[in-house]
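S.K.: Handing you a structure now.
What follows is calculated from the coordinates using simple rules that are stated; it is not laboratory data. Everything numeric in this text was worked out from a predicted model, so none of it was measured. Using ideal geometry, Cβ is built from the backbone for each residue, glycine included, and neighbour counts are taken over all protein chains shown.
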Amino acid sequence: MARDGAAYVCQSCGSVQTKWSGQCPACAAWNSLVEEVQSRPPGAMAPSKTGRGRGLAFEGLQDHTPSPPRIATGVEEFDRVCGGGVVPGSAILLGGDPGVGKSTLLLQVAAQAALRGAACAYISGEEAIEQVRARAQRMGLGDAPVKLAAETSLREILEGLKRDRFDLVVIDSIQTLWSDAHEAAPGSVTQVRAAAGELVRMAKKRGVAVILVGHVTKEGTIAGPRVIEHMVDAVLAFEGERGYPFRILRGAKNRFGATDEIGVFEMGDVGLTEVKNPSALFLNTAGERAAGAAVFAGIEGSRPVLVEFQALVAPSAYGTPRRAVVGWDNGRLAMILAVLEARCGLGLGDRDVYLNVAGGLRISEPAADLAAAAALISSALDEALPQDCVVFGEISLSGEVRPVSRMDARLKEAAKLGFKKALAPEGLESAAGMAVSGAHRLADALRRIRDVDWA
Ligand code: TYD
Ligand code: MG
């Protein structure tokens with residue numbers, strides 16, 4: 001039994017255990033249990049000081065609540081993912097791998113908002129003020145009236161925020177903060193939770209929008225942002241593939257807006273630039289489209305985005321053929337390969353298969369099934385798809401091509417970028433100047449690619 005007041009807290013999922021073990025019984029993460037002294041048993045309420053409460057005051061559903069005011073920061077891609085700007089009194093968690101560009105993004109957000117008249121503070125627990133200042137100057141934002149501070153003590157931060165009136169406060173990062181009310185080390189679940197709790201309370205009480213940075217680590221040496229996701233109003237994830245300049249801001253939870261929205265940025269010498277037309281960026285429009293390439297007309301959030309799926313089907317040099325996927329789901333590829341073999345007679349079981357989504361984007365829509373299949377078929381048959389053709393549609397296990405959401409929007413975006421044809425689910429009218437070649441089954445699509453028969 002652990003000694004009094006001590007407990008073992010999983011740094012990955014936050015579950016509390018009474019005994020140490022190598023693997024967390026709750027989330028199965030290895031080596032993630034760390035002893036932390038609890039100030040009171042987890043989940044227990046503090047003893048009441050006043051005795052009795054006053055009771056609830058109920059209100060009706062139909063009572064009018066005005067929609068929340070918003071602070072538009074001026075970084076439009078960021079504002080859109082937040083649902084049209086940040087809501088005063090709300091807390092936002094921005095998670096992402098170290099080095100992806102979280103500090104850069106939030107410094108730009110704070111600076112742009114400050115230039116538009118909002119009172120902004122940027123508190124860094126990781127970098128010295130000189131570093132932050134130098135970065136801002138390099139990005140051409142040296143004149144923005146942002147108040148900077150380098151501090152890791154939660155008490156100092158809360159005191160400091162009391163003295164001035166702020167609209168927006170950035171805390172970079174939540175894992176560097178420590179509260180002297182707890183004995184646990186900075187970055188532990190206890191500390192991260194306590195700091196987030198205090199800051200969220202301050203945000204609500206004073207009507208300040210607070211953005212917390214949270215590093216995502218695979219090692220589990222510091223508490224992951226997951227343990228505070230339930231406390232905040234919105235969770236945003238900043239993602240990017242190594243070696244690509246593109247960064248995607250994704251809403252994972254949002255009490256004040258839609259969650260499937262994305263913002264696209266490009267990391268350059270002078271910070272992040274907003275990408276207003278992602279399709280043009282992810283598409284390689286120069287040159288002929290080679291065999292094995294298919295352009296997918298996708299929807300990310302509320303926007304249509306065209307991306308290229310690239311497949312390579314090659315003879316296998318080893319006993320067990322290789323399958324490698326970048327930017328798409330492994331399981332989904334296995335399914336498409338099985339359907340191609342069972343329903344279309346195209347067996348690729350003895351060949352290496354590589355599938356890549358160009359540009360470093362991660363696609364999770366089922367509508368991409370047909371695009372992936374078309375790329376695979378095209379590579380296997382060494383038959384290039386027409387240069388001006390986009391593909392979309394979901395594939396069922398029976399080999400049927402099924403309709404997907406917002407097909408008109410997909411066609412319109414493709415037409416806007418100069419495409420003329422679409423390989424798509426059956427029953428679609430040709431629209432927006434696009435000739436739609438409807439496929440009822442995957443085998444129809446295969447035949448069309450093989451016979452280069454485009455009606
Ligand atoms: P940073 O915002 O510090 O990442 P995080 O806060 O998520 O850890 O960004 C770090 C990376 O971004 C770093 O590798 C350098 C790169 N970067 C640029 O390429 N251009 C720039 O203008 C800036 C500021 C950073
Ligand atoms: Mg940083």
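S.K.: Looking at ALA72, VAL404, ALA134, which one has the Cα that reaches farthest to the positive end of the dipole of the chain (charges on Cβ: Lys, Arg +1; Asp, Glu -1)?
M.R.: ALA72
S.K.: Nearest 5 is fine: what % of DSSP beta bridges in the chain come out antiparallel, could you say? Kindly include the intermediate steps, with their values, before the conclusion.
M.R.: Details: 42 of 81 bridges.
Around 50 percent antiparallel, to the nearest 5.
S.K.: Quick one: of LYS102/LYS147; LYS19/LYS204; LYS102/LYS205; LYS102/LYS162; LYS205/LYS276; LYS162/LYS276, which pairs are farther than 28 Å apart, Cα to Cα? Write out the running numbers ahead of the final one.
M.R.: Numbers: LYS102/LYS147 18 Å; LYS19/LYS204 36 Å; LYS102/LYS205 26 Å; LYS102/LYS162 26 Å; LYS205/LYS276 36 Å; LYS162/LYS276 38 Å.
Those over the limit are LYS19/LYS204; LYS205/LYS276; LYS162/LYS276.
S.K.: If each residue's Cβ is checked for other Cβ atoms within 10 Å, how do CYS27, CYS389 rank with the fewest at the top?
M.R.: Details: CYS27 14, CYS389 22.
Listed from fewest to most nearby Cβ atoms, that is CYS27, CYS389.
S.K.: Sticking with this structure for a sec: Evaluate the charge dipole of the chain about its Cα centre and quote only its size in Debye, nearest 20, assuming +1 on the Cβ of each Lys and Arg and -1 on the Cβ of each Asp and Glu.
M.R.: Working: 50 positive and 53 negative charges, 224 e Å.
With only Lys, Arg, Asp and Glu charged at Cβ, the dipole is about 1080 debye.
S.K.: Sort ASP180, ASP172 so that the residue with the fewest other Cβ atoms within 10 Å of its own Cβ comes first and the one with the most comes last. List each step's numbers first, then the result.
M.R.: Values: ASP180 8, ASP172 25.
Placing the least packed residue first, the sequence is ASP180, ASP172.
S.K.: Could I ask something else about it? Nearest 500 deg cm²/dmol is fine: what mean residue ellipticity at 222 nm does the chain get from its DSSP H runs of n ≥ 4 alone, each adding -39,500 (n - 2.57), divided by its residue count? Could you put the intermediate results ahead of the total?
M.R.: On the way: 10 runs with 112 residues, N = 455.
Calculated from helices alone, the mean residue ellipticity at 222 nm is -7500 deg cm²/dmol.
S.K.: Helix 369-381 versus the longest principal axis of the chain: what is the Cα-based angle in degrees, 0 to 90, to the nearest 10?
M.R.: Once rounded, the angle reads 50 degrees.
S.K.: Related question: Sum up the charges of everything whose Cβ sits under 13 Å from the Cβ of PRO88, counting Lys and Arg as +1 and Asp and Glu as -1, but leave PRO88 out.
M.R.: For residues surrounding PRO88, the net value is +3.
S.K.: Shifting gears a bit: For the chain, find the longest principal axis of its Cα atoms and tell me its angle to the long axis of helix 330-344, 0 to 90°, nearest 10.
M.R.: 20
S.K.: In which sequence would LEU312, LEU370 go, from the one with the fewest C-beta neighbours within 10 Å to the one with the most? Intermediate results must be reported in sequence, preceding the final value.
M.R.: Numbers: LEU312 18, LEU370 27.
Ascending number of Cβ neighbours within 10 Å: LEU312, LEU370.
S.K.: Moving to a separate point now. Report, in debye and to the nearest 20, how large the dipole of the stretch 96-189 comes out about its Cα centre when Lys and Arg carry +1 and Asp and Glu carry -1 on their Cβ.
M.R.: Details: 10 positive and 13 negative charges, 85 e Å.
For this selection, approximately 400 debye.
S.K.: Local charge sum around ALA290 (other residues, Cβ-Cβ under 13 Å, Lys/Arg +1, Asp/Glu -1)? The partial results should precede the final answer.
M.R.: Details: positive: ARG289; negative: GLU288, GLU308, ASP382, GLU383.
My count for the surroundings of ALA290 gives -3.
S.K.: Still on this structure, please answer the following. Cα axis of helix 102-115 to longest principal axis of the chain: angle in degrees, 0 to 90, nearest 10?
M.R.: Its long axis makes an angle of about 70 degrees.
S.K.: Using the per-residue mean of other Cβ atoms lying within 10 Å as a proxy for protection, in what order, highest first, do the peptides 97-107, 393-403 fall?
M.R.: Details: 97-107: 20.6, 393-403: 18.5.
Per-residue mean Cβ counts within 10 Å order the peptides as 97-107, 393-403.
S.K.: Tell me, for the chain, which Cys residues have no other cysteine's C-beta sitting closer than 4.7 Å.
M.R.: CYS82, CYS120, CYS344, CYS389
S.K.: Going by the alpha-carbon gyration tensor, a ≥ b ≥ c the square roots of its eigenvalues, is the stretch 76-276 rounded (a/c under 1.5) or, if a/c is not under 1.5, prolate (a/b greater than b/c) versus oblate? Spell out each step's value before the answer.
M.R.: On the way: a/c = 1.32, a/b = 1.19, b/c = 1.11.
Rounded, because the longest to shortest axis ratio a/c is under 1.5.
S.K.: For the stretch 76-276, what is the charge dipole size about the Cα centre, in debye to the nearest 20, if Lys and Arg each add +1 at the Cβ and Asp and Glu each add -1 at the Cβ? Let's see the in-between values first.
M.R.: Numbers: 24 positive and 27 negative charges, 106 e Å.
So the magnitude is around 520 debye.
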